[in-house]
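Engineer: Got a structure here, written out as structure tokens. Questions coming.
The values are calculated or read from the model by the stated rules, or taken from the named source; none is laboratory data. Worth saying up front: this structure is predicted, and the values here are computed from it rather than measured. Here the Cβ is made from the backbone with ideal geometry for all residues, glycine too, and neighbour counts use every protein chain on show.
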Amino acid sequence: MVLKKKVHLVSLGCPKARVDAEMMIGQMQAAGFEHTDDPALADAIVVNTCSFLQSAVDESIDSILAMSDYKTEGRCQNLVVTGCLPSRYGKELADELPEVDLFLGTSDIDKIAAALQRDLPERTYISEGSFLYDGGNAPRVKSMRGASAYLKVAEGCSRSCTFCIIPKIRGKQRSRSVTEVLGEARLLAAQGIKEVVLIAQDLTSYGVDLGDNRSLITLLEGLETIPGLRWVRLMYAYPWNFTDELLSLIKDSDRVLPYIDMPLQHISDRILKAMRRNVLREKQLELIDKLRAVPGMVLRTTLITGFPGETDAEFQELADWIQDVEFDRVGVFAYSPEPGTPAAEMPDQVDPEVAEARRGALLAIQQGIHEEKMRKMIGERLEVLVDGPSDEHPLVLEGRYYGQAPEIDGVVYLSFEDGGSFVRPGEFVEVEIEDASEYDLVGVVLAEP
């Protein structure tokens, strides 16, 4: 019997990159390779990289160098680097990393099997744009635990935010057809998936490049009809194109969750204009009010501190706004001047230490808000989707209620003191919240009557 060659894959960065990694694992397995979690046992290693921020670039380089050690200390004979880092830096990266055998950009990851088989004549393959997964390229191997899966509906971004390098890395937006996405969703549901998390660089612009401004509505209506799917979650839902029709659908749906991840970045009109964000303060406030009117709405946003020219007064405006709005979840980035972006060339660059201090100040404000919101949930009864054993406490099961997105929000730790029966990942249980910490909840699984 011929032993299959083993491949170890490291995937860094956002959920979109994770879907790319899942597709590559599917291609590897279809070509006869076996995936291994142990790099010391791998005949080949793939590092799927991120380069959105300088910190992500540094992490990617560190991971590549760490994996290259297995070429001398392990069995690895082929080190392949894929994703955003090669797309951003091209031949320059190849010259700096002689340890790497082959580079594939975001538009060339469908060549992974050929790369592992050493059937490609060149060392670097970097085409414009990004590979658009169509569900038929190879079986995608889900890597998320439990009964949740990301569902990527588009690639690239056609916006021109001055701080963002993504359009240069992944190209302009290219949407998958509604029919194609629904087909993949049906396959996921048939595999036992209960929650699909819709992702794109700009979800609310889904389908605009295909000439259909209602594509997201049509997709959500289709997802509501798929047997087995219980939760549909919207991530990266930008404020533009967020229509009243979409709001009504969320309000009336029993599957599309009242949970919105909407990156807003700032509240100062001057900063928003400099960022080329076309939804300014007044419109943001109006949209937030509309979202808050949806019963049970949970709002997540991301913000940037230290954007070029941000004054103390503009930062204070942002801090006051956070206290006033009381978002349910907030992520904050200290501005990073990325080469190739317009913002990196702007005058009045803010000292990185100041940007980081402002980030810390916002997080401290949000921490107090979040703790208070968590404490108010004690005594509530919630429907929880069981994910599986906790990474921090392997003997404890954990899950999430609808207001907690996988991997980025907190969890609900499950107790069985009430006599609730044993549960498995992918099951929904009724839980009464009995305690709360900074980000997580503790709940008792209620016994069936």
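Engineer: Might you check whether a residue that is in the same structural domain as LEU272 (by TED's automatic domain parsing) and in contact with a Cys (Cβ under 6 Å, 6 or more places away or on another chain) occurs anywhere in the range 168-180?
Structural biologist: yes
Engineer: In addition: Just give me the residues in the range 256-281 being of a type in the set (S, T, N, Q) and touching a strand residue (DSSP E or B) at 6+ places or on another chain (Cβ under 8 Å), in sequence order.
Structural biologist: Applying the first criterion (of a type in the set (S, T, N, Q)) to the range 256-281 yields 265, 268, 278.
Answer for the range 256-281, where residues must be of a type in the set (S, T, N, Q) and touching a strand residue (DSSP E or B) at 6+ places or on another chain (Cβ under 8 Å): just GLN265.
Engineer: Tally time: how many residues in the range 345-399 are part of a helix (DSSP H, G or I), within 25 Å of the chain's Cα centre (by Cα) and touching a residue at least 24 places away in the same chain (Cβ under 8 Å)?
Structural biologist: Qualifying residue count for the region: 15.
Engineer: Return only the number of the condition from (1) assigned to a loop (DSSP other than H, G, I, E, B); (2) polar (S, T, N, Q); (3) in contact with a strand residue (DSSP E or B) (Cβ under 9 Å, 6 or more places away or on another chain) that ASN213 does not satisfy.
Structural biologist: Only one criterion in (1) assigned to a loop (DSSP other than H, G, I, E, B); (2) polar (S, T, N, Q); (3) in contact with a strand residue (DSSP E or B) (Cβ under 9 Å, 6 or more places away or on another chain) is unmet by ASN213, namely (3).
Engineer: Criterion first (modelled with pLDDT of 95 or more, loosely packed, with under 13 Cβ neighbours inside 10 Å, under 27 Å from LEU285 (Cβ atoms) and assigned by TED's automatic domain parsing to the domain that holds ILE288) does ALA313 satisfy it?
Structural biologist: So ALA313 passes the test.
Engineer: Look at the range 66-105 and say how many of its residues are under 30 Å from LYS172 (Cβ atoms) and among the charged types (D, E, K, R).
Structural biologist: 5
Engineer: While we're on this one: How many of the residues making up the range 150-182 are of a type in the set (Val, Ile, Thr) and surrounded by fewer than 19 Cβ atoms within 10 Å (Cβ to Cβ)?
Structural biologist: Final tally of qualifying residues: 2.
Engineer: In the range 98-130, what count of residues is obtained for those that are touching an Asp or Glu at 6+ places or on another chain (Cβ under 6 Å) and farther than 24 Å from ASP43 by Cβ?
Structural biologist: 2
Engineer: Can you pull out every residue in the range 259-310 that is buried (at least 20 other Cβ atoms within 10 Å of the Cβ) and among the acidic types (Asp, Glu)?
Structural biologist: Within the range 259-310, ASP261, GLU310 meet the criteria.
Per-residue answers, yes or no, for (1) among the hydrophobic types (A, V, I, L, M, F, W, C); (2) touching a helix residue (DSSP H, G or I) at 6+ places or on another chain (Cβ under 6 Å):
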{"position": "GLY207", "(1), (2)": "no, yes"}
{"position": "LEU219", "(1), (2)": "yes, yes"}
{"position": "THR225", "(1), (2)": "no, no"}
{"position": "TRP240", "(1), (2)": "yes, no"}
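Engineer: Can I ask one more? I need the full set of residues from the range 160-179 which are assigned to a loop (DSSP other than H, G, I, E, B) and of a type outside the set (A, V, I, L, M, F, W, C), in order please.
Structural biologist: SER160, THR162, GLY171, LYS172, GLN173, ARG176, SER177, listed by residue number.
Engineer: Take the residues in the range 249-305 that are part of a strand (DSSP E or B) and among the hydroxyl-bearing types (Ser, Thr, Tyr), then tell me which one is farthest from ARG329 (Cα to Cα).
Structural biologist: THR305
Results for (1) surrounded by 14 or more Cβ atoms within 10 Å (Cβ to Cβ); (2) among the aliphatic types (A, V, I, L, M), shown as yes or no for each residue.
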site	(1), (2)
ALA40	no, yes
ALA44	yes, yes
PHE52	yes, no
VAL57	yes, yes
LEU65	no, yes
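Engineer: Considering the range 183-219 alone, what residues qualify as being surrounded by 19 or more Cβ atoms within 10 Å (Cβ to Cβ), of a type in the set (A, V, I, L, M, F, W, C) and over 24 Å from THR302 (Cα atoms)?
Structural biologist: Result: ALA185, LEU188, ALA189, ILE193, LEU219.
Engineer: If you take the residues of the range 82-102 that are closer than 11 Å to LEU12 by Cβ and not hydroxyl-bearing (Ser, Thr, Tyr), which of them is surrounded by the most Cβ atoms within 10 Å (Cβ to Cβ)?
Structural biologist: Taking the candidates together, the pick is GLY83.
Engineer: Could I ask something else about it? Examine the range 180-187 for a residue that is of a type outside the set (S, T, N, Q), without any contact (Cβ under 8 Å) to a residue 60 or more places away in the chain and either in contact with a Phe, Trp or Tyr (Cβ under 7 Å, 6 or more places away or on another chain) or assigned to a strand (DSSP E or B) (or both), and state whether such a residue exists.
Structural biologist: Going residue by residue through the range 180-187, those that are of a type outside the set (S, T, N, Q) are 180-187.
Those left that are additionally without any contact (Cβ under 8 Å) to a residue 60 or more places away in the chain: 180-187.
Those left that are additionally either in contact with a Phe, Trp or Tyr (Cβ under 7 Å, 6 or more places away or on another chain) or assigned to a strand (DSSP E or B) (or both): none.
Taking every residue of the range 180-187 in turn, none turns out to be of a type outside the set (S, T, N, Q), without any contact (Cβ under 8 Å) to a residue 60 or more places away in the chain and either in contact with a Phe, Trp or Tyr (Cβ under 7 Å, 6 or more places away or on another chain) or assigned to a strand (DSSP E or B) (or both).
Table: residues versus (1) of a type in the set (Gly, Ala, Ser); (2) closer than 15 Å to GLU184 by Cβ; (3) at pLDDT 90 or above; (4) surrounded by fewer than 16 Cβ atoms within 10 Å (Cβ to Cβ).
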| position | (1), (2), (3), (4) |
| --- | --- |
| LEU116 | no, no, yes, no |
| PRO121 | no, no, yes, yes |
| LEU132 | no, yes, no, no |
| SER148 | yes, yes, yes, no |
